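The values are calculated or read from the model by the stated rules, or taken from the named source; none is laboratory data. Values in this document were obtained by computation on a predicted structure and should not be read as measured data. Cβ: placed from backbone, ideal geometry, glycine included. Neighbour counts: every protein chain shown. Note: areas computed on protein heavy atoms with side chains; ligands, DNA, RNA excluded. Shrake-Rupley method; radii C 1.70, N 1.55, O 1.52, S 1.80 Å.
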Amino acid sequence: MTETDSQDTKGIVFNFLIELGCCKRCALRFVGDSNTNYDNPTDDVKKLTRKDLGQNSNDENVFKKSKPNPCIICLDLLQDTTLQTMILNPELEKVLEYDSDTFVNYVSLPKAVLIREHSMEICVKEKFPQFFKDRNVIALNRAWSLSIQNKLAQRLEKKYDKNSYLQIQFNTSYVLDKEESLVMLLLEDKSRKHSIQHDPLSCKNVTSSLQTINSELFKQKVSIPPATPTKALDVEQVFYKHDHVFIAGRYCKYARNMFQTPWSGDDIQVEISSVQEKIFDHIENSFSCSAMVFSSSGREDFDVRTLGRGRPFFIKICDPKRTKVSFEKFRQIEQAVKHTKVVEVRDLQFIDRRYLSNIKEGEQFKKKTYRALCIVDKPENLTAYIDKINNISAVTLQQKTPLRVYHRRSSDIRERQIYSLKAKVINGKKNLLELDMITQAGTYIKEFVHGDLGRTTPSLCEIVGGYIDIIALDVLDIHLDFPPSINHKVKNHQTVNY
Amino acid sequence: MEVEKEESEEIPSTSSNPVEDPGPSQARVETESDDEDIEIPSILDSITQQQIDEFRPFHERYFEKKYCTRFTTDTVNLDTCVRIHTNKISLIYLSEKHSVIQNQQRLQSIDFQVSKKVNRLKNAMFGKGKRGAQLLQPDSILCHLETVDGARYPVHACVYGKLLEINSRVIKEPNFLLDDLNEGFLAIILPDLRRHEENVKSLKSVEEYNT
Ligand SMILES: [Zn+2]
């Protein structure tokens, strides 16, 4: 009988590993295939042991022998009792609060386990070179995941999905970990030492060292097969987290004394909270999240309103417990924000992170429509000024960094475009005019009008040949189609599952 | 939380992407077609008549006017006007009482080479912190005014800070400094915030100056 006669050889290898002190799942990892049932390996174990221990129908004996010591590779990570300890962790109760239908689970391994695994691979490859020639040993953490998935799924009432946004991580520790992994310092390739930034004994560095390490050197320093351990690993905390999700929309701001984000200004009195706070107030409960991060396509000055369809924004929602937010729920949030009277939100929806760059790239090139209420120095010149404004079509500006922001911006001259200008009288107002403009993003509108002491040229003052200044400014539109607009007439449920 | 992946596949998946997969005809995606419905509230109604009546031009609205008299002598008035923005950025002007203006002299040129090594026009700076900008003290000379009739007057910085800018129009037409006391500033200075109190105390208010 040749060594490659697989079922028999499998049994031989399996027994060899069990005799050395491996647990049944570790032994299976070395001989099993994609059909191996790690969740409940009893049948697989029976198949492998029946032939070789033909005289012994009670295969439990095999394991009783190895019971006194923990598994020499996994330090009992894959043993039923350890898996059971993990499943019974009371912390998992809190994972039930997540409405996610799926989960994905991870485990952190002691470094000693990685070293032991490497040692065992060398051992079996020397002992059974033919058998292991083209054979992939199932990785320990993969086997762990397969062993615990079904049990976790039952416990959490969720399905396992490797792409799930809900991640559960079990941490383990091993009291002799430091002692056993110190050997890696001796084995460390001297030339690599400099490139390793922090801890050469970090899990990551141990893993990468083991991939390239010289086997002969390794054998000199590490016991092959791994020495019998006196202690098993311990199950530590379990961590869980839902990946962040993103929602997007457009906001309007109707107040002239409100910042976009919370402000701790020294000079200006802010009477009401920020746009961000007004929106967050109504988002937080719907998602039961740990934190939110607000981003938008530019921002308006605190005394500028944003009207029309509003300013595109998105919010990163961190560790949300609830992500099944319906189309209707989004509409309810919009209504709730509307009740603040000062902020309004539309087109609120989930958005894939891939589309988020649109909002930032758009910032460079987008156009904006402004409306300004302007005051002029001489009422008798009002119509002449209006005519002069309406006689020009577009203007190219040279703007030095405005005095208003010079203390916090670098010194520069920026070229900006005013694409169109349209001025008109306001009934009954002799010294006021209404000015609509379409401008390039990043144009300082107030400075374009009053000229910033001649530092923006040309200015509207220069153009009309008198003094003209902005009393009030509104953003009427930001020419960026983000996010897709939502038809409010359609009121079906829309549920998105993460 | 450091997550050790059991497999090499990349999370996250795109299958749960709400944008790609909006479900069967639930959220109709449109462009700007329904924008006409959006009402734009009146801009005039957003402010009060009082705000209109009390509106002051830009150079008054944001700036506090102060005067520096410490370099004036018995024979020559070298007073400067310092306008301090609400953000503390300070602009240096000649005072209307300055000898050049009082004597109705005209400038031949302005000399910005204030010492062998220092030329106020060679002022390179980088970034928001304006690194590399020339550092100024109250008695630092910003330039010398040279009149048509051969007189020469130093102009001082008056405050501690960094030189941000010399007025490019004044460089081109020196007499703009005398002729336009709004836009004809000489220099823009970013005051040293640690000495801002000191800066302000050393200057006179408009009332003090005119009595
Ligand atoms: Zn094991």
note = In terms of the charge dipole of region A:280-353, which places +1 on Lys and Arg and -1 on Asp and Glu at the beta carbon, the residue among A:317, A:298, A:340 farthest towards the positive end is A:317
message = In chain A, if the dipole is taken from +1 on Lys/Arg beta carbons and -1 on Asp/Glu beta carbons about the Cα centre, which of A:148, A:22, A:98 is farthest to the positive end?
response = A:98
Within straight-line cross-link reach of residue B:201, lysines at Cα separation under 16 Å, skipping those fewer than 8 residues along the same chain = B:65, B:66, B:88
Built amide H within the under 5 Å cut-off of residue B:94, gap 5+ = B:81, B:186
key: residue B:131 versus residue A:281: modelled label distance in nm, points set 7 Å from Cα along the beta carbon direction   = 4.3
request  = Can you send over the carbon and sulfur percentage of the accessible area for region A:71-242, probe radius 1.4 Å, protein chains only?
outcome  = 49
ask   = Which value in nm describes the separation of the simple spin-label points at residue B:75 and residue A:293, placed 7 Å from the Cα toward the beta carbon?
value = 6.7
Residue-averaged beta-carbon neighbours from other chains (10 angstrom radius) around B:47-59 = 4
Distance-filtered residues of region A:148-184 - backbone nitrogen under 13 Å, label point 7 angstrom along residue A:217 Cα→Cβ = A:184
query = Under a plain spin-label model, where a point goes 7 Å from the Cα along Cα-to-Cβ, how far apart in nm are residue A:80 and residue A:150?
reply = 1.3
ask   = Ignoring ligands and nucleic acids, what accessible area does residue B:45 show with a 1.4 Å probe (Å², nearest 10)?
value = 120
inquiry  = List the residues, sorted by chain then number, that are 5 or more residues from residue A:471 or on another chain and whose placed amide H is less than 5 Å from its amide H.
reply    = A:373, A:374, A:375
message = If the reach is capped at under 24 angstrom between alpha carbons, list the lysines near residue A:253, excluding any in the same chain fewer than eight residues apart.
response = A:278, A:316, A:329, A:338, A:341, A:360, A:366, A:367, A:368, A:422, A:446, A:489
remark   = Computed for chain A: size of charge dipole around the Cα centre, +1 on C-beta of each Lys and Arg, -1 on C-beta of each Asp and Glu, debye to nearest 20, value 780
task = List, in order, the whole-Hz ³J(HN,Hα) value for each residue of region A:114-130 obtained from phi through the Karplus relation with A = 6.51, B = -1.76, C = 1.60 and θ = phi - 60°; use x for Gly and Pro.
result = 5, 5, 5, 4, 4, 4, 5, 4, 4, 4, 6, 5, 6, 6, 10, x, 5
task = Could you tell me what % of all Cα pairs in region A:71-242 have separations over 27 Å?
result = 35
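Which FRET efficiency value, to the nearest 0.05, do you get for residue A:378 and residue B:103 by plugging their Cβ-Cβ distance into 1/(1 + (r/R0)^6) with R0 = 35 Å? Spell out each step's value before the answer.
Working: r = 33 Å, r/R0 = 0.93.
Plugging the Cβ-Cβ distance into 1/(1 + (r/R0)^6) gives 0.60.
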ask   = What size of dipole, in debye to the nearest 20, comes out for region A:300-442 about its Cα centre when the only charges are +1 on Lys and Arg C-beta atoms and -1 on Asp and Glu C-beta atoms?
value = 440
query = Exactly which GluC sites (Glu not before Pro) in region A:76-136 are in a DSSP loop and have at most 14 other Cβ atoms within 10 Å?
reply = A:91, A:97
ask   = If you rank B:55, A:239, A:246 by how much accessible surface each has, with a 1.4 Å probe, what is the order from largest down?
value = A:239, B:55, A:246
ask   = For region B:41-150, what are the per-bin percents of Cα-Cα distances with bins 5 Å wide, up to the bin holding the maximum?
value = 2, 9, 13, 17, 16, 15, 9, 6, 6, 5, 2, 1, 0
task = List, largest first, the extents of the alpha carbons of chain A along their principal axes, each in whole Å.
result = 116, 56, 41
With all protein chains modelled, accessible area of residue A:172 [1.4 Å, Å²] = 20
inquiry  = Could you work out the percent of alpha carbon pairs in region A:340-498 separated by over 24 Å, rounded to a whole number?
reply    = 46
ask   = Under 21 Å from the Cα of residue A:46, which lysines turn up, not counting those fewer than eight places away in the same chain?
value = A:10, A:24, A:64, A:65, A:67
request  = About the Cα centre of region A:103-241, how large is the charge dipole given +1 on each Lys and Arg Cβ and -1 on each Asp and Glu Cβ? Please answer in debye to the nearest 20.
outcome  = 300
inquiry  = Amide H of residue A:486 versus every other amide H placed in the peptide plane: which residues, excluding those fewer than 5 positions away on the same chain, fall under 5 Å?
reply    = A:347
request  = First measure r as the distance between the Cβ atoms of residue A:415 and residue A:393, then evaluate 1/(1 + (r/R0)^6) with R0 = 25 Å and state the FRET efficiency to the nearest 0.05.
outcome  = 0.90
query = Considering only DSSP beta bridges whose two residues both sit in the protein assembly as shown, what percent are antiparallel, to the nearest 5?
reply = 90
remark   = Projected onto the charge dipole of the protein assembly as shown (unit charges on the beta-carbon of Lys, Arg, Asp and Glu, signs +1, +1, -1, -1), the Cα from B:161, B:176, A:73 with the largest positive-side position is that of B:161
Two-site FRET efficiency, residue A:43 against residue A:182, from Cβ-Cβ distance with R₀ of 41 Å, rounded to 0.05 = 0.50
